[in-house]
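Okay, so here's the structure we're looking at.
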């Protein structure tokens, strides 16, 4: 993310809505205030930035019915503070480890998980991401008669493709020892993801801790990248 650009865009939105909030409060429209259409256009950009910086802002910041843009405005101000202080906070708090960026995960994962994640449903977000990976696997090999671990096993099998059973070959697969090892590793990793991540997400009660859910999404993202980068070999 271009943080300077993001801060500037959020600042524009905050400034545009300042007069609107005063006008809303006193029921007087200031002739110097921005046109509603311009504010809506700025809000569209601001929302996308805030989603990246504060993914849970829609639930963490209560809706304030006393003002038209108050929730958005507060979120934008918080996001600016977060962006401007990231380096200082990492330095002063003694932890400059890189943050895990969900939006930078494979698009299949975050697109499937986003809305549930932003509403605080972490377990359901993980489950939705695992379902998406399975759906993309079925789409890639054109099969609906198998799914999840069984389909990963068959698709990444070392066997030659057969009618109705195409094979997937990882990127740069040359059939050598390393490639054969990678195929086995992908299958084993998929089994772990569906046995230890997808199944509990579908059947256990209670929600996941946010950090644990994020790590599970990251694991599914690794699997999604292998799958997306694989080529199809048909009989």
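The table that follows gives values for the structure above.
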| item | result |
| --- | --- |
| Taking 191, 205 and counting other C-beta atoms within 10 Å, the order from fewest to most | 205, 191 |
| Extension reserve of the residue 199-residue 81 stretch, reckoned as 0.36 nm per residue once the Cα distance is removed | 38.6 nm |
| Mean residue ellipticity (222 nm) of the chain, computed from DSSP H runs ≥ 4 via -39,500 (n - 2.57), nearest 500 | -21000 deg cm²/dmol |
| Rounded tilt (10° steps) of 107-118 against the dominant C-alpha axis of the chain | 50 |
| Angle between the chain longest axis and helix 70-92 axis [Cα atoms, degrees, rounded to 10] | 70 |
| Relative contact order (%) - the chain, alpha-carbon pairs under 8 angstrom, separation at least six | 19 |
| Separation of the residue 89 and residue 233 label points, Cα + 7 Å toward Cβ, nm | 4.9 |
| The chain: angle of helix 177-193 to the longest principal axis, Cα-based, in degrees nearest 10 | 60 |
| Packing-based exposure ordering (other Cβ within 10 Å, fewest first) of 132, 177, 140 | 177, 140, 132 |
| Cα-only radius of gyration and Dmax that characterise the chain, units Å | 23.0, 74 |
| Residue 189/residue 2 FRET efficiency (R0 30 Å; Cβ-Cβ; nearest 0.05) | 0.35 |
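Rule-based calculations on the coordinates, nothing more; no lab input. All values derive from a computational prediction rather than experimental measurement. Note that each Cβ is placed from the backbone with ideal geometry, even for glycine, and that neighbours are counted across all protein chains shown.
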